[in-house]
1. What ranking do 111-124, 172-185 get when scored by the average of other Cβ atoms within 10 Å per residue, highest first?
2. Through the Karplus equation 6.51 cos²θ - 1.76 cosθ + 1.60, θ set to phi - 60°, convert the phi angles of segment 267-276 into ³J(HN,Hα) values in whole Hz; use x for Gly and Pro.
3. Want the number for residue 162 to residue 187: 0.36 nm per residue separation, take away the alpha-carbon distance, what's left?
4. Under a point-charge model restricted to the Cβ atoms of Lys and Arg (+1) and Asp and Glu (-1), what is the dipole moment magnitude of the chain relative to its Cα centre, in debye to the nearest 20?
5. I'd like the projected area of segment 28-186, averaged over all directions, using the convex hull of its alpha carbons. Report it in nm² with one decimal.
6. Run a plain Debye calculation on segment 230-278 (Cα atoms as equal point scatterers, no solvent) and give log10 I(q)/I(0) at q = 0.33 Å⁻¹, rounded to two decimals, same order as the q list.
7. Under the rule of at least 5 residues apart or a separate chain, name every residue whose amide H is placed under 5 Å from the amide H of residue 119.
8. Please report the antiparallel percentage of the DSSP beta bridges confined to segment 124-254, to the nearest 5.
Amino acid sequence: MKHPLALWTRILLLGLLLITACGGGGGGSAPVNSTPTPIPTPYPVGLTDQSIVVNGVTRQYRVHVPATLSGTPKAVVLVLHGGGGEGMDVANTGQHPLSVFRSVADREGFVVVYPGGLADTGTTGNPSWNDCRADNTVSSGADDIGFLAALVERVRTEYGLTGSRMFMAGGSNGAQMTHAFAFNRTDLVAAVATSSGSLPQTPKPGACSTGPSRALPILIVHGTADTQMPWSGGCVANLGGSCNRGRVISAEATRDRWLLINGLSSATPSSSVVEINLTDGGPANRFDYAGAVPLQWWRLDGAGHTVSSQIVLKDSTPVTGIQNRDIEFAEVAWAFFAARLSP
């Protein structure tokens, strides 16, 4: 038979162990040295490749999340590549002026999404966008409006944002696709910005022809010496002479179409000149058409097709022409977007 004192000692020790395991009798409070559960985020910090299935087709995109971002981003900016072959690699730091959106995002606290177009049917098979051009015979034929709409909805929902914090920008064919998306889905973005992209001379039926359902703030940048997206209108990137990428209206006619859409046709713009780099083609001329739905127009004198930048510098070639180095497209685009953000 066990000694009664030893039995009570064992019962007391067992009780102390149970109390300790349940929180030490402190009203169920957690131990002082516990590690809090991290808040889940849709995407990891840095640049990562992602995918989404739209209408049975797997589409690719890259996401840049600033290392300093905590909680909900200030906004999300979708940046669309051109049709020159870089595709989503325009996101690679230092490779393309569109990559500068990443450093701006790091400073300002927004997320950048770089969607990827599908290969065109031309000889090069470059990643491209199926925009509003009805006479582009080398288009991939993909439902890029549907893809981008699904992507905007996904990222917006993942971050718990409203459409007023979603923006889109693009260069060249990406600028044309930005116009097309703005014409078709003004409900999903708060403003857009384009570099070296004009509206089609022969648009597809529907919204591409009739225009957007509502006005939309837009920033448009174009070089007067651009031959690939001709300043005066004509064949797009007509390197082979067959005009198989369709025709566009002039840069000024594109601006005027948007002025009409935004109810600014009779507005007198304020203007200013930026001339920082004296070795490029000429100054950057800014025109602000103020109104309920503003338009900002940049005429880059002597500039070719390359996206303007002060950071990622590109050599002049007979095809691309001279790069404007007076303004940073990513910076002026973000400044335009930021002005649209509600407090």
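The values are calculated or read from the model by the stated rules, or taken from the named source; none is laboratory data. Fair warning: this is a prediction, and the values are worked out from it, not measured in the lab. Cβ sites come from the backbone with ideal geometry, for glycine too, and all protein chains shown count toward neighbours. SASA here: full protein model, heavy atoms, side chains in, ligands and nucleic acids out. Shrake-Rupley method; radii C 1.70, N 1.55, O 1.52, S 1.80 Å.
1. Averaged packing, sorted descending, gives the order 172-185, 111-124.
2. 6, 9, x, 7, 9, 7, 10, 10, 9, 9
3. 7.9 nm
4. On the way: 23 positive and 24 negative charges, 229 e Å.
In total the dipole reaches around 1100 debye.
5. Its average projected convex-hull area is 11.9 nm².
6. For segment 230-278 at q = 0.33 Å⁻¹, log10 I(q)/I(0) is -1.12.
7. 128
8. Bridges in segment 124-254 that DSSP calls antiparallel: roughly 30 percent.
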